[in-house]
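Below is one structure, written out as structure tokens; the observations come after it.
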Amino acid sequence: MNGKLVISSSPHIRTIESVQSVMIDVLAALFPVALIAVLLFGYQALLTMVIAVISAMLAEAIWMRKLDIFGDGSAAVTGLLLAMTLPPAPPWWLVVVGSFCAIIIGKQVFGGIGNNIFNPALVGRAILVVSWGGHMAGQIWPVPKPFVIFSDFFYDISAVTTATPLAGQEQALNTSLSQLLFGNVAGALGETSALALLVGAGWLFIKGHIDWRIPGGYIGTVFVMGAALGGGFYGNHLLTGLFHVLAGGVLLGALFMATDMVTSPVTNLGKLIFGIGCGVITMLIRLYGSFPEGVTFAILIMNALTPIIDNFTIPRKFGEVKKSA
Amino acid sequence: MGGATFKGGVHPDYRKELTASLAITAMPAPAKVVIPLQQHIGAPCEALVQVGDTVKLGQKIGESKGFVSAPVHASVSGTVVAIGPYNHPLGRKVEAITIESDGQDTWHEDIKPHGSLESLSPEEIKAIIREAGLVGMGGATFPAHVKLAPPPEKPIDTVIINGAECEPYLTADHRLMLEKPNELVFGLKIMLKALGASVGIIGIENNKPDALRVMRQAVEGEANISVVALPTKYPQGAEKMLIYATTRRKVPSGGLPMDVGVVNHNVGTAVAMCEALHKGKPLVERVVTVTGEGVARPANLMVRIGTLVSEVLKACGGLKETTRKLIIGGPMMGLAQTSADIPVIKGTSGILALTEENVDLSEPSTCIKCAKCVGACPVNLVPTFIAQAAEHELIQRAEKLHAADCIECGCCSFICPSRIPLTQWIRLAKADILERRRQQQK
Amino acid sequence: MKTMSNMNIYLQDISRGIVRDNPTFRLVLGMCPTLAVTVYLINGLGMGLSTAVVLICSNVVISALRRYIPDQVRIPCYIVIIATFVTVVEMLLKAFQPKLYAALGVFIPLIVVNCIILGRAEAFAGKKPVLRSLFDGIGIGLGFTVSLFILSALREVIGSGTFLADTAYAVHVFGESFEPMAVFSQPAGAFIALGLLLGLTNVIFKKLKID
Amino acid sequence: MQVLYAVAALGGIGILFGVLLALVARFFAVQSDPRVEAVREVLPGANCGACGYAGCTNFAEAVVGGEAKIDGCIPGGSETAKEIAALLGQEAIETVPLVATVFCIGDNRMAKDLFVYDGIQDCAVAMKYANGFKACTYGCLGLGNCVRACPFEAITIGPGGLPVVDKEKCNGCGLCAKACPRNIIQILPKGTAGHLVLCASHDRGKSVTLACEVGCMACKACVKACPQEAITMQDNLAVIDLEKCDDCGECVAACKPGTIHPRRNLPVAAPRPQDQVAV
Amino acid sequence: MEKLISIIFIYIFVENFVLQRFFGICPFLGVSRKMETAVGMSMAVVFVMTLATLVTWLAYTYVLVPLGLIYLQIVTFILVIAGLVQLVETVLRKISPTLYQGLGIFLPLITTNCAVLAVALLAVQNEFTLVEAVVFGIAAALGFSMALIIMAGIRERLELAKVPKALQGTAITLITAGILSLAFMGFKGMLTL
């Protein structure tokens, strides 16, 4: 033997997973939707994502005064998630400000990774929405142009515009469900293709990083409320419910934002409650509020309630005897 | 039945292939054995011999008057050369008797068969088992006869033999099941008779198909004994998990298996029980899996109790240069040792040497609340919250989170991507809680 | 010499109120108006000065009457005195600065329950002589005004892109085309800006080793 | 007329509430701790809640009950804190200024490690594993329980893995000494006079030399060398009586391992060269 | 009826007293440290705010307006509230010590809570009827309570977090409140009066 023996408390073997590997898995899971976004919106989409990721990592490195830019990868995840919530061709400074707000106000002031209360990417997005609503959630959105990146690399995607499906009933009726599924629809980068989101989330599910309860509770609630209160366009209440699930940011939110480990409950029951709460608030804002979309606000509000949910849903221990009166 | 399992658990890399196919070989008796006077949970023994005395193999050399206790026996014949504190696998020094072997292995004259099972009463069986110094050989080392004598208000109907061996690396029980199936079944019958129980179950994880096959053959024709295949998952062999998986009975929190009419014993204990009855042989040797990437020639050895671990390792070709951790027991619940200068005791199921690539010394980072520990905990705790409470010395909070129910299986620490020593924190909280409860009782 | 040392005490009273015991950044009192009215610089200044006036007057009067106010009912008495001055200030603003009055709205009457004023009455004016209470009032009042100035300047410049809007000196700091970060003129921005400023003051005070 | 109404209305309300309150106070009087009342008197009475309690009275109760810190009242500041301290008779503590002193200089270059400890970085926890990873069972483990206990950030773990006390910040409260599971930290009167034996080992000479290059090996050379007879052997450890010590420095010359140091120049542990750090 | 429901919803979620209107920030910052105190304070605030709106509305409508003394409203309101609180506190302390422990200890804090005075002033300013005014008082108090309790939950968790030293305490609470306020902006435009 060379070197001294190591003494530690059991167990003596560890999983090969680390925080960094988890973050890389999340990045990989976002790849399909990122790819679709680039195919639809061209180089501007790619640029937005690159700026967001780099400025997020930079913000973290500056705050922590570290040289290792990638680090545990959490800043890159925040940056990419933020980019997913942005329109295809925002001004570059908007992306940078968003990333810095996300990392600093959303995460680092609370003590960095693991300590933040709110989902950093959504904090960044909320600040942008409130500050520059015109850029972020205006009525006009670039029309996606499939495979534009191959045909015309420097095509300015914001030249032709339309409204998002959530803008009103008319726009909703102009959008088919298959369009929503495959992504040929106006909206933020990550809100385009439902299918790509599901594929990515499937990867996280296989790796055990997300659990069915949050997405299930969220999507289920949106579906039920959409069907019951959505007004029943498409001639069918169920299809209306499906529309509400597929359109806008619900899937991105339910699969990637609400499932953010740090800011969602740790208990199983808590996760379900969290998902349902997100769904209810999202639909309230969509149907009755002045914002067309409520995913960001819904998840932030539920983030705030997470400590309380956790405290009230501590699971019953194995073999706990029900207290008889 | 079968297929039922508990919630949670983890799937570590089992690495059993290192020794699973190696038959048990007897290690020659060493020139010197060190027999600690406490190798079990309960009252320590007092030495019955003095320095200079001559002892024979199987002679009782330590005994205690306490009920929860088990005597110790000489595992070689020879001369007592020292009685005094010696290193112990549990970390502190314990009174031990050192015997120098005369190389003869002369059995003590009292060692003789006890007759057939039919001719013995349950009381006689319990006395024989106590005299033989049997303890739980899975590592818990709880005196075996105590488990066979439950209070009369708690009738036992089922005895479960734990053949799960869910700890990675270890194969001692696996080999015993393959090589001594009939002795095992006979041991189970002894237990059934001693307890007046009617059903015997042998639970084996389904990653040991050969053991399942052999054991199923061995119980053919035994109407009240069955072999149950269990899903491969750590900690399938934990007492409460095993009982749930085989009988669907949940041991109440803070309770014992006897509260649901069950007693369980380890494979090794059952085989030793058989030998105690058939040959009158006390517990002087046991099967030890010597394994790990740091061991030159891994093996399943029959080792005399009291053999120094350094001797055992020598018999296996010594440790490799890259060894960084020496563990008594399995990698999930075993104890890391500061040196090999410790004796093999009754509960030593494995000697494990891990090398650099298996010893993760990376610093823990902040909890990212991924809740993997919550999913892995077999007893439904929230390990990260308990650890956090322990770290901030919030003992009451830890208690409210049921820290005292932790079975210390290590799943949470294993699964944690942030490398937080959760099990260690919870153990700390548990100790504090128990300490507080003791003070409150005063 | 004696007058010199007296002057020193008074100067200390003032500087203490602005720096060491700054009501906003150090004592963290009177948060409601601080957050609510600092969207524009002019509102912040108006609020700060109004509060300062009430504080100075009430400090002086309470200090002067401190021997005649029975101990058991001193708090209600203080409140009546403060409420009276608040009403006076409210009427003055309404008459001479109707625009400011409208902007500050309900927060003018709420000066009554500003913890700073009652706190100073109890902690200082109720025990110390008139002159010192006067200077204490000036110090704390100025401290409050300065804090409001800093916070509202920050919020106005970033949140609206202007400086001293609604006055004769209004300027667009970054030019007309600047797209301001409107979150800072929203309630959320007020909380965040004040929180960050508090953190910054903590860092600065620690660097300067002011306790 | 208007003025009359105003006076009448205000006066009416005032009288109404005054009478009501007086009556209620008389009929519903509740006894309370006079000390709480006294503390309540010196508080600003703004009931602002900045202390985290429900009001000044609650804070006063908490202070008297020992739950809240004396300086918990933020609006009151240091003046109020002093007044409360005077009321509760706590000002008498500050007679002799004290300072914490670490009695171990066995840094990671001088003291040998038996094994590598991996787990919760806490001295008391580490001691549960074979009594700590150092060969010396009395020496400092350097995992920083004292650092965490210090409310004034006066202790840091130095480059050699031993705690270093910032004498400016330390006010001798003794929390670090209480937190140290090895009892290595002592609280001494502030000052630079006298010499100290910077070791806490009660082991016999031979085992000390095996474990640490700078441990007291109980050779008694210093006892013989001291002209003031200030040094005594207490259970295999030399102890200098600071009152008798006249700073002559004879003991330093006599001490072979170099355990004794003058207080005016306490050693700061040097880092071990990188190549020797066991990982 | 619809108006009453609107008032309740709006003043809890849309125009939350703490998060959007900045009333009662001091107790919000001070008492949100522990869940236990936050809950106690919340109950006390609901109780006092309801009572205060009722009494001040009556005083305003039936005393100040007929006598033409509207300019005395600040002095009157604050006196009425202070007296009321004192009265309730003293009575409670004697009648039910347990209730006092849970609720009464928060009463002095409420006197200087600007939310109470604000609710009284706004009820008059918005020309609410008596019932509307009382409902408004309850809704405002519930909104305050909600913010307080959410914040207490978050702060209990932040206690254990590695918040940078300079930001600990009030600063991080304010930033959290900011994000919370941001989140609740989502309800903007939902229902109007």
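Any idea which of C:ALA168, C:ALA121 is over 20 Å from E:VAL18 (Cα atoms) and outside any helix (DSSP H, G or I)?
Selected residue: C:ALA168, the only one of C:ALA168, C:ALA121 that is over 20 Å from E:VAL18 (Cα atoms) and outside any helix (DSSP H, G or I).
Per-residue answers, yes or no, for (1) within 22 Å of the chain's Cα centre (by Cα); (2) assigned to a loop (DSSP other than H, G, I, E, B); (3) charged (D, E, K, R):
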| site | (1), (2), (3) |
| --- | --- |
| B:HIS174 | yes, no, no |
| B:GLY187 | yes, no, no |
| B:ALA197 | no, yes, no |
| B:VAL214 | no, no, no |
| B:VAL228 | yes, no, no |
| B:TYR244 | yes, no, no |
| B:GLY254 | yes, yes, no |
| B:ASN264 | yes, no, no |
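So in region B:330-356, with the set limited to residues that are part of a loop (DSSP other than H, G, I, E, B) and at the interface with chain A (Cβ under 8 Å from one of its Cβ atoms), which one is nearest to D:LYS128 (Cα to Cα)?
Here the answer is B:THR338.
Run E:PHE17 past the list (1) farther than 20 Å from C:CYS32 by Cβ; (2) away from chain D (no Cβ under 11 Å) and report the number of the one that doesn't hold.
(1)
Scan region D:112-141 residue by residue and report those that are more than 20 Å from D:MET217 (Cβ to Cβ), hydroxyl-bearing (Ser, Thr, Tyr) and modelled with pLDDT of 90 or more.
Of everything in region D:112-141, just one residue is more than 20 Å from D:MET217 (Cβ to Cβ), hydroxyl-bearing (Ser, Thr, Tyr) and modelled with pLDDT of 90 or more, namely D:TYR117.
The rows are residues; the columns are (1) outside any loop (DSSP other than H, G, I, E, B); (2) over 19 Å from A:PRO144 (Cα atoms).
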site: A:ILE13; (1), (2): no, yes
site: A:VAL33; (1), (2): yes, no
site: A:ALA45; (1), (2): yes, no
site: A:TRP63; (1), (2): yes, yes
site: A:CYS101; (1), (2): yes, yes
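With the checklist (1) within 13 Å of chain A (Cβ to nearest Cβ); (2) modelled with pLDDT of 90 or more in hand, flag the one item E:LYS165 doesn't pass.
Here E:LYS165 meets the rest and fails (2).
Just a yes or no: is a residue in region D:170-183 within 14 Å of chain A (Cβ to nearest Cβ) and farther than 22 Å from D:ARG263 by Cα?
Checking region D:170-183: not a single residue is within 14 Å of chain A (Cβ to nearest Cβ) and farther than 22 Å from D:ARG263 by Cα.
Would you confirm whether any residue within region B:309-326 is part of a loop (DSSP other than H, G, I, E, B), within 28 Å of B:PRO181 (Cα to Cα) and touching a residue at least 40 places away in the same chain (Cβ under 8 Å)?
no
With respect to D:PRO262, is the statement that it is within 20 Å of D:VAL102 (Cα to Cα), at pLDDT 85 or above and touching an Asp or Glu at 6+ places or on another chain (Cβ under 7 Å) true?
The answer is yes for D:PRO262.
Here are the criteria: (1) at the interface with another protein chain (Cβ under 7 Å from one of its Cβ atoms); (2) among the aliphatic types (A, V, I, L, M); (3) without any contact (Cβ under 8 Å) to a residue 24 or more places away in the chain; (4) in contact with a Gly (Cβ under 7 Å, 6 or more places away or on another chain). Tell me which single one E:LEU92 does not satisfy.
The failed condition is (1).
Test of understanding: among E:ALA152, E:ALA177, which residue is under 30 Å from A:TYR288 (Cα atoms), in contact with a Lys or Arg (Cβ under 7 Å, 6 or more places away or on another chain) and within 14 Å of chain A (Cβ to nearest Cβ)?
So the residue among E:ALA152, E:ALA177 that is under 30 Å from A:TYR288 (Cα atoms), in contact with a Lys or Arg (Cβ under 7 Å, 6 or more places away or on another chain) and within 14 Å of chain A (Cβ to nearest Cβ) is E:ALA152.
Output the number of residues of region B:365-413 satisfying the condition of being closer than 23 Å to A:GLY111 by Cα, within 7 Å of chain A (Cβ to nearest Cβ), out of contact with any Pro (no Cβ under 9 Å at 6 or more places or on another chain) and of a type in the set (A, V, I, L, M, F, W, C).
Residues in region B:365-413 being closer than 23 Å to A:GLY111 by Cα, within 7 Å of chain A (Cβ to nearest Cβ), out of contact with any Pro (no Cβ under 9 Å at 6 or more places or on another chain) and of a type in the set (A, V, I, L, M, F, W, C): 1 in total.
For (1) at positive phi; (2) free of Cβ contacts under 8 Å to residues at least 24 places away in the same chain, each residue gets a yes or a no:
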{"site": "B:GLN59", "(1), (2)": "no, no"}
{"site": "B:SER64", "(1), (2)": "no, yes"}
{"site": "B:VAL81", "(1), (2)": "no, no"}
{"site": "B:ASN87", "(1), (2)": "no, no"}
{"site": "B:GLU95", "(1), (2)": "no, no"}
{"site": "B:GLY103", "(1), (2)": "yes, no"}
{"site": "B:GLU109", "(1), (2)": "no, no"}
{"site": "B:VAL135", "(1), (2)": "no, no"}
{"site": "B:PHE142", "(1), (2)": "no, no"}
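May I ask you to verify whether A:PHE291 is of a type in the set (Phe, Trp, Tyr), away from chain E (no Cβ under 14 Å) and out of contact with any Ser or Thr (no Cβ under 8 Å at 6 or more places or on another chain)?
Criteria not met by A:PHE291.
Among the candidates B:LEU178, B:LEU184, which residue alone is buried (at least 24 other Cβ atoms within 10 Å of the Cβ) and over 20 Å from B:GLN59 (Cα atoms)?
None of the other options fit; the residue is B:LEU184.
What are the pairs with Cβ atoms under 9 angstrom where one residue, in region A:188-215, is in contact (Cβ under 8 Å) with a residue 60 or more places away in the chain and buried (at least 17 other Cβ atoms within 10 Å of the Cβ) and the other, located anywhere, is hydroxyl-bearing (Ser, Thr, Tyr) and not in a loop (DSSP other than H, G, I, E, B)? Sequence gap at least six, or different chains.
A:LEU189/A:THR48
Which of the residues that make up region A:226-241 are out of contact with any Leu (no Cβ under 8 Å at 6 or more places or on another chain), part of a helix (DSSP H, G or I) and either over 16 Å from A:PRO165 (Cα atoms) or not small (Gly, Ala, Ser) (or both)?
A:ALA228, A:HIS237, A:LEU238, A:THR240
I need a count of the residues in region B:197-217 that are small (Gly, Ala, Ser) and within 20 Å of B:SER21 (Cβ to Cβ).
1
So, in region E:52-72, of the ones that are modelled with pLDDT under 85 and within 18 Å of C:LEU110 (Cα to Cα), which residue ends up farthest from the other protein chains (Cβ to nearest Cβ)?
Among them, the one singled out is E:ILE70.
Tell me, yes or no, whether region C:11-32 has at least one residue that is under 21 Å from E:GLY178 (Cβ atoms), modelled with pLDDT under 90, within 14 Å of chain E (Cβ to nearest Cβ) and assigned to a helix (DSSP H, G or I).
Yes - at least one qualifying residue is present in region C:11-32.
So for region E:101-116 (the condition being assigned to a helix (DSSP H, G or I), among the aliphatic types (A, V, I, L, M) and either more than 18 Å from the chain's Cα centre (by Cα) or at pLDDT 90 or above (or both)), does at least one residue qualify?
No, region E:101-116 has no match at all.
B:PHE385 - would you say it is among the aromatic types (Phe, Trp, Tyr) and without any contact (Cβ under 8 Å) to a residue 24 or more places away in the chain?
It is true that B:PHE385 is among the aromatic types (Phe, Trp, Tyr) and without any contact (Cβ under 8 Å) to a residue 24 or more places away in the chain.
Tally time: how many residues in region A:123-159 are under 22 Å from A:VAL95 (Cβ atoms) and in a loop (DSSP other than H, G, I, E, B)?
11
Out of region D:97-134, which residues are closer than 18 Å to B:THR423 by Cβ and more than 14 Å from chain A (Cβ to nearest Cβ)?
none
Does B:SER310 satisfy the condition of being facing chain A (nearest Cβ under 7 Å) and out of contact with any strand residue (DSSP E or B) (no Cβ under 8 Å at 6 or more places or on another chain)?
no
What is the residue count in region A:246-274 for residues that are under 13 Å from the mean Cα position of the chain (by Cα) and part of a helix (DSSP H, G or I)?
Number of matching residues: 8.
The values are calculated or read from the model by the stated rules, or taken from the named source; none is laboratory data. For clarity, every value in this text was computed on a predicted model and none was experimentally measured. Positions of Cβ are generated from backbone atoms using ideal geometry, with glycine treated the same way; all protein chains shown enter the neighbour counts.
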